[in-house]
Every structure is written in C-alpha cells, then in structure tokens.
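The values are calculated or read from the model by the stated rules, or taken from the named source; none is laboratory data. Because the structure is predicted, anything quoted here is derived from the model rather than measured. Cβ placement follows ideal geometry from the backbone for every residue including glycine, while neighbour counts extend to all protein chains displayed. In case anyone asks, the SASA skips ligands and DNA or RNA and just uses the protein heavy atoms, side chains included. Shrake-Rupley method; radii C 1.70, N 1.55, O 1.52, S 1.80 Å.
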Amino acid sequence: MDAYIVDAVRTPRARAKPGKGALSGLHPQELMAQTLKQLPLRTGIDVAEVDDVVVGVVSQIEAQGANLARNAVLAAGWPIGIPGFSLNRFCGSGLQSLSLAAMGVASGAQHLVIAGGVEQMSRYGLNADGGGTDGGNVDLRERFFQVPQGISSDLIATLEGFTRQELDAWGLRSQQHAVLAQKEGRFARSLFPVKNPHTGEVLLAADDSPRADTTAEKLAALAPSFVQLGARVEGPGGETLDALALRAYPRAGAVRHLHTAGTASGIADGAGAVLVASREYLRAHGLKARARVRSVAAVGSDPVLMLTGPALAARKALDAAGLTTRDIDLWEINEAFAAVVLQTARALELDLDRVNVNGGAIALGHPLGATGSILVGTALDELERRGQSLALVTLCTSGGQAVAAVLERH
Ligand SMILES: CC(C)(COP(=O)(O)OP(=O)(O)OC[C@H]1O[C@@H](n2cnc3c(N)ncnc32)[C@H](O)[C@@H]1OP(=O)(O)O)[C@@H](O)C(=O)NCCC(=O)NCCS
C-alpha cells in the first residue's frame, strides 16, 4: 500500500473501575481532543488540511455516542471544516481506523487522515451498549450462540491444552516486560500527559495498570474469573453458557476455567491517534514519514471461539504484503487474554521473543476502541529503538473477527 504514518501519539492507559480512575473525570470527547491536538504540535501539519478524522469507539452511547469523532474535532477547537466519524469493530476499532485511513490515502481519494481510537471504560464497561454479543437476535442464536469472551478464552485454552501455569507464565511475562519498558522509557515517544482542561493539572503521565510486584505465586493464587459466568443459565432450553460453548465444541469435554484477573486484559481508559498521509502530501510539505503501512487485513473466524482470528488476519496481511512470518521483527498481538496470544503464536509458529516485547494489555490495560491505535505507536517506537524494519499488529474482536496491519519503518 502507498500510505504513510507521520506520527502516532497516545494517552497513558488508566486503570478503570466504574466511576473511578485517573482519567474517569474527563469527557471522552475531551480525552480524544487532547490526543488529536498533539499531532499538529508534534508534526507541524496545518490541521485545516486534514481530510477526515476516523475514531474507533466500541460503546457508542451517551457521552461516547453522537459521533464522538466529529465532536472531538470541535472540542479540540479545530476548524469546523474538518469532518469526523466514529466506527465500531469491537476491540479492533482502533486498528480499523488506521486501515480506513491507509486505504483512503492509498486510493488517492484523501491525502491526510487521522486514525484514532478511544474508550472510557470507567463510564462504559464491556457490553455497555446493551447489545450483548448478538443484539438479542434469537433466530441467529439458534445457529451461533455467541458466548461472552471470557468463556471463549477459556474454551480456546481448553481446546489448545494450555495449562493454568502456561497462562500465568504469560501473565507474569506481560507484567515484567511492561514494567521494564516503563523503567527504560520505551513508551515515552508516543505518550503525552493528559491534563485537566480547566486547571492544567496533570491527571496522568504514565500507564498506571502494571503491577511490578506480580509473582508466579500470586498469580497462581488468583481465582478463575469466569466460573460463575459459565454456570449462568442463558440458553433457550435452560443451558448454561458453558454448555452452549460445548454444544459448538463437544470435543472439549468441559470448559476448563483457567483465566484470571492476572491473565485477562485490564479494564482501562485511554485514547490514541495516528497521522496518515499520502506520498504526495509528504513530498509537498517536506514531511518525513516514520513508517509505511505495507498492508491491512480483516477476517471473520468462528464466532463462538471468537478470539482465534488474529492468526488468519496476520496471514492475510502478510500475503498482501508479500511477506512471511519470518520477515516480521516485532509482533503486537493484543493480549485480550493470555490464550489468545499463545494460540496465535502457536498457529503461526512464532518466535515468542519477538511477540509483545514490551508487555501487553494484560499488564497495561485494554481501552477497547483505543488499543489498536495505541499498539501502532508502541510497535513503531520499538522498531525505531531497535533499528528494525517490520512489525505486525493484530487484534481479535467480538463476533469472531480480527484485524491486522503490517508496518514498515521508513
Ligand atoms: C478478568 C476480569 C473479570 C477481572 O476483573 P477484576 O476482578 O475486577 O480485576 P482486577 O484487575 O480489578 O483485579 C482483581 C484483583 O486481582 C488481583 N490481581 C490482579 N492482577 C494481579 C496480578 N498481576 N498480580 C497479583 N494480583 C493480581 C488483585 O488482588 C486485584 O485486586 P486489587 O486491584 O484491589 O489489587 C476483567 O479484567 C475482565 O473482564 N477482563 C477482560 C476484559 C475483556 O474482555 N476485554 C475485551 C477482550 S475480547
């Protein structure tokens, strides 16, 4: 593809509980607006030339409704001529916005597009839009009963034969790598401190989710998170959610509930934005790109297992770029759950030393709509730090889908 990333910026991710967290007092439009405003400051672009602002946000209700993207443009104080729209591909939304921006400039239809994402989970937690996994369509449910993602993650772990120890080991690794990355300032290039817009007080300057005191023993002592959910009766014939998962995958025998708060992505608030430009725009403005978007891909996969799409999306993106898994220096596989990363890595036969080298959402949090945008900056910063060339970013999503993008340092 002929599409270029000029810069990527993000807020710190704030640990979020209902109504609580360092960023919970801000309006989500303001969170996004502060992120947008960093891009002209850092790159010197004239924002009046922005063709569109695409923002991924999953729970598009109330404060996150009303086309958050356009309202964030206005909240940023930018010219009224700049359009914006919000999109929802669940957890893949932030990377989907990059895909659209890259397609827009590669097609020649646009020259300068901002691709972002935001989610304020302290206000709107999982399934806050009330749609559940299937919008309550009982006819569809007879064909696919889309169990919640926690059950899917445990079903994947069961089918893959992952042990609790293996999942915990990944949870520990995520924490250790994230803590080291923070200590060494590896996230510094993308991060900016979020401020109270009225007082100027810094609300958060660094991701506050990592737990440096995590040990294998502490992780082993955590109770599995989805036992009760699995026992909840939701089927039309009085079946539990576990039974409904097994109806699709009888060979699993039983759903082994293995994921805990230490091996699942954390609930968080945050935003990210990526500035995408065409080759003509770069040339006309004497701008240097940080990376080229080599390819993008989206796939559908089994909606009950739900979270096994990343390997398929990665293959599709690699094929489109004419690359193989071995060409990729760094992988960012969103840590929705430990089993997702391990299943993807196994399916693609990846060298784990190249995967999530600075930790992932288990340690750092996963503000649903924002994470895809955030991971683009994380990957670019690390490619630059290591002097490497190619990164692949991929995220699984609800509904059994996944998105991926191959980025090449310029
Ligand atoms: C798994 C989940 C239900 C856990 O929720 P929770 O119990 O509220 O989790 P918390 O992170 O608050 O952790 C609870 C406790 O576990 C313990 N804990 C969590 N992580 C720990 C770690 N790494 N080491 C030691 N203890 C840990 C702590 O005691 C913590 O309590 P504290 O914060 O008061 O210290 C929730 O994080 C979740 O739903 N995650 C998945 C999100 C998701 O599905 N996203 C979409 C992906 S498809």
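With respect to the chain, whose longest principal axis is taken over its alpha-carbon atoms, helix 149-160 is tilted by about 70°. Take every DSSP beta bridge whose two residues both sit in region 316-410; close to 55 percent of them are antiparallel.
Radius of gyration (Cα atoms) of the chain, expressed as a multiple of 2.2 N^0.38 Å: 0.93. Both radii were evaluated on the Cα set of region 229-274; the Rg over Rh quotient, with Rh as the Kirkwood radius, amounts to 1.19.
Relative to the longest principal axis of the Cα atoms of the chain, the long axis of helix 164-183 makes an angle of roughly 20 degrees. Relative contact order of region 162-272, taken over Cα pairs closer than 8 Å and 6 or more residues apart, is 30 percent. For the options Val118, Val57, Val147, a Gaussian network treatment of the chain with springs between C-alpha atoms closer than 10 Å singles out Val147 as fluctuating the most. Relative contact order for the chain: 28 percent, from Cα pairs under 8 Å spaced at least 6 residues apart, divided by residue count. Solvent exposure of region 145-208 amounts to 42 Å² per residue of accessible area, where only protein heavy atoms count and the probe is 1.4 Å.
Computed with a 1.4 Å probe on the full set of protein chains, the accessible area for Thr378 sits at about 10 Å².
For the chain, a Gaussian network of Cα nodes joined below 10 Å ranks Ala370, Ala297, Ala212 by mean-square fluctuation, and the top entry is Ala212. Around the Cα centre of region 302-410, unit charges on the Cβ atoms of Lys, Arg, Asp and Glu (plus for the first two, minus for the last two) sum to a dipole of about 100 debye. Roughly what would the spin-label model give for Asn67 and Ala223, points 7 Å off Cα along C-beta, in nm? Label-label distance for Asn67 and Ala223, simple model: 4.7 nm.
Per residue, the solvent-accessible area of region 5-141 (1.4 Å probe, heavy atoms of protein chains only, all protein chains present) comes to 36 Å².
Just to be sure I understand: with springs between alpha-carbon atoms less than 10 Å apart, which residue in Thr35, Thr263, Thr214 has the highest mean-square fluctuation in the Gaussian network model of the chain? It is Thr214. Pop out the carbon and sulfur fraction of the accessible area of the chain as a percent, whole number, probe 1.4 Å. Looking at the chain in its full context, I get 51 percent from C and S. Bridgeable lysines around Lys20 (alpha carbons under 29 Å apart, same-chain partners fewer than 8 residues away excluded): Lys37, Lys183, Lys195, Lys218.
When both bridge partners sit in the chain, DSSP labels roughly 70% of those beta bridges antiparallel. Quickly estimate the mean residue ellipticity at 222 nm for the chain, helices only: each DSSP H run with n ≥ 4 gives -39500 (n - 2.57), and the total goes over all residues, rounded to 500. Value at 222 nm, helices only: -10500 deg cm²/dmol. Could you compute the FRET efficiency for Lys17 and Glu280, with r as their C-beta to C-beta distance and R0 at 56 Å, rounded to 0.05? That pair, Lys17 with Glu280, gives E of 0.75.
Using a probe of 1.4 Å, the accessible surface attributed to Val406 totals some 0 Å² when neighbouring protein chains are kept in position. Ordered from highest to lowest accessible area with the whole protein assembly present and a 1.4 Å probe, Asp168, Asp213, Asp329 read as Asp213, Asp329, Asp168.
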